[in-house]
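Student: Next up is a structure, given as structure tokens.
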Amino acid sequence: MLDISHKITGTTGIFGIIGKPVHHSLSPEMHNASFLELGLDCVYVPLPTSHIAEAVAGLKALGFKGVSVTIPYKQDVIPFVDVLDPVAEKIGAVNTLVIREEKNSPEKTVSGYNTDWIGANRALAEKIGLKGSRILIMGAGGSARAIGFGLLEAGAEVMLTNRTEAKGRALAEQLGSSFFRPGEIGRVKADALVNATSVGMVPDTGKSPLPPVLLPNFSVVMDIVYAPLKTRLLMEAETAGCEVVDGLKMLLYQGAAQFKLWTGREAPLAVMRDVLYRRFA
Ligand code: ATR
């Protein structure tokens, strides 16, 4: 474990993660290693809470500079945000708060952002140009929502499929996307496929959300599942000759975007990557 105690002083910038639970999060290790790498006088701590309103008020009162927001508060935190980023507003979820001091005033402003979509876009953009590309998203939960609105921001054409039709159609309508029932995916040919469901995650590592025979219809296959790192979907996609993007890439780049929002500095990606892949490789 990283020893950061030596550098905490009265001027240290304090960051953290609020949620329930947070003990499993890799964000403290990822951000603390990055602060250390760049020599920034900052620290990042886990902050489990059952009281979101009081937590945000407490962060402001105690001089926190920013936090990550995780399950179950990504939606519930929004009423306590003063300035909501327009894409986070469309997604309806915030995973990053930046707490700024007002000039010549004791007041603080809480700005809410969503970096999940930024992480997904950057991960996918390593393999294909997003503008004008056709991308099929599987799933209609919070992750699919963030990825869907994010891809629209980048100018991609988004299509959607989901096990539960009503939920899938509702999200597709909000995105202005076509919806395909799982049985209809065979008709879809696209530049990329994104699995935004939990299918294939431990302990169900033998499962894949897509029959392998359909994989050649996609040039790139991305999975948001990162445990295991190589899901059955990604293994089969590689065999089918697709380019693949694993779920840690999204996690890495969403963290890098948070780091930039908090510090104004580019995140040391190699350091962050090391923390993540050491845990999951
Ligand atoms: P998240 O916030 O990570 O997106 P979520 O809101 O629980 O999580 O959404 C999970 C997504 O995975 C949903 O689209 C869900 O499909 P349903 O809407 O039909 O529930 C999908 N999902 C989960 N398990 C699945 C399974 N075994 N087969 C197909 N889809 C599944």
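No lab work stands behind these numbers, since they all come straight from the coordinates. Because the structure is a prediction, the values reported are computed rather than measured. All Cβ positions, even for glycine, are placed from backbone atoms using ideal geometry, and neighbour counts span all protein chains on display.
Student: For an R0 of 30 angstrom, estimate the FRET efficiency from the Cβ-Cβ distance between GLN75 and THR239 and round to the nearest 0.05.
Tutor: 0.20
Student: Compute the Cα gyration tensor for the range 108-208, then decide on rounded, prolate or oblate, letting a ≥ b ≥ c be the square roots of its eigenvalues: rounded whenever a/c is under 1.5, prolate when a/b is larger than b/c in the other cases, and oblate in all that remain. Don't jump to the answer; show the numbers that get you there.
Tutor: Numbers: a/c = 1.44, a/b = 1.29, b/c = 1.12.
Rounded.
Student: Further question on the same structure: Where both partners of a DSSP beta bridge lie in the chain, what percent of those bridges are antiparallel, to the nearest 5? Don't skip to the answer; put the middle values down first.
Tutor: Working: 9 of 42 bridges.
Of those bridges, close to 20 percent are antiparallel.
Student: Label the range 142-267 by shape, choosing from rounded, prolate and oblate, from the square roots a ≥ b ≥ c of the eigenvalues of the Cα gyration tensor; if a/c is under 1.5 it is rounded, and otherwise prolate applies when a/b is larger than b/c, oblate when it is not.
Tutor: Note, shape of the range 142-267 comes out oblate.
Student: Here is a follow-up. Residue-wise, which Karplus ³J(HN,Hα) couplings in Hz belong to the range 100-106, taking 6.51 cos²θ - 1.76 cosθ + 1.60, θ = phi - 60°, and x for glycine or proline?
Tutor: The phi angles translate into 10, 7, 7, 4, 6, 8, x Hz.
Student: For the range 9-52, list residues with backbone N below 14 Å from a point placed 7 Å from the Cα of SER198 toward its Cβ?
Tutor: What the label zone holds, given the 14 Å backbone N cut-off, is 21.
Student: Next question, about the same structure. Please give the length that would be gained between ARG279 and VAL188 if that part of the chain were fully extended, namely 0.36 nm times their separation in residues minus their C-alpha to C-alpha distance (nm, one decimal).
Tutor: Numbers: separation 91, 0.36 × 91 = 32.76 nm, distance 3.54 nm.
In short, 29.2 nm is gained.
Student: Subtract the Cα-Cα distance of LYS103 and ALA166 from 0.36 nm times their separation in residues, and report this length gain in nm to one decimal.
Tutor: Working: separation 63, 0.36 × 63 = 22.68 nm, distance 4.82 nm.
Result: 17.9 nm gained on full extension.
Student: Would you order MET250, MET272 from fewest to most other beta-carbon atoms within 10 Å of each residue's own beta-carbon?
Tutor: On the way: MET250 29, MET272 25.
In increasing order of surrounding Cβ atoms, one gets MET272, MET250.
Student: Would you kindly give the portion of the calculated P(r) for the range 114-171 that falls above 13 Å, as a percent of all Cα pairs?
Tutor: Of the Cα pairs, 56 percent sit more than 13 Å apart.
Student: If the cut-off is a Cα-Cα distance under 13 Å, which aspartates and glutamates reach LYS249, setting aside same-chain residues fewer than 8 apart in sequence?
Tutor: Cα-Cα hits under 13 Å: ASP116, GLU126, ASP223, ASP274.
Student: Report, ordered by chain and residue number, the lysines lying within cross-link reach of LYS189, taken as a straight Cα distance under 19 Å and ignoring same-chain residues fewer than 8 apart.
Tutor: Straight-line reach from LYS189, under 19 Å: LYS127, LYS131.
Student: Below 8 Å, C-alpha to C-alpha, sequence gap of six or more: please give me the relative contact order for the chain in percent. Intermediate results must be reported in sequence, preceding the final value.
Tutor: On the way: 552 pairs, mean separation 43.5, N = 281.
The value is 15 percent.
Student: Set the Förster radius R0 to 22 Å, insert the Cβ-Cβ distance between GLU89 and ALA53 as r into 1/(1 + (r/R0)^6), and round the FRET efficiency to 0.05. Walk me through the intermediate numbers first.
Tutor: Details: r = 20 Å, r/R0 = 0.89.
It comes out at approximately 0.65.
Student: Can you tell me how the range 218-281 classifies by the Cα gyration tensor, rounded, prolate or oblate, using a/c under 1.5 as the rounded cut? Write out the running numbers ahead of the final one.
Tutor: Numbers: a/c = 3.13, a/b = 2.08, b/c = 1.50.
Cα axes put the range 218-281 in the prolate bin.
Student: Hey, another quick one. Going by how many other beta carbons lie within 10 Å of each one, how would you line up HIS31, HIS51, fewest first?
Tutor: Values: HIS31 28, HIS51 11.
The fewest-first ordering by Cβ neighbours comes to HIS51, HIS31.
Student: Below 16 Å, Cα to Cα, which lysines can LYS20 reach? Residues fewer than 8 away in the same chain don't count.
Tutor: Filter leaves LYS74.
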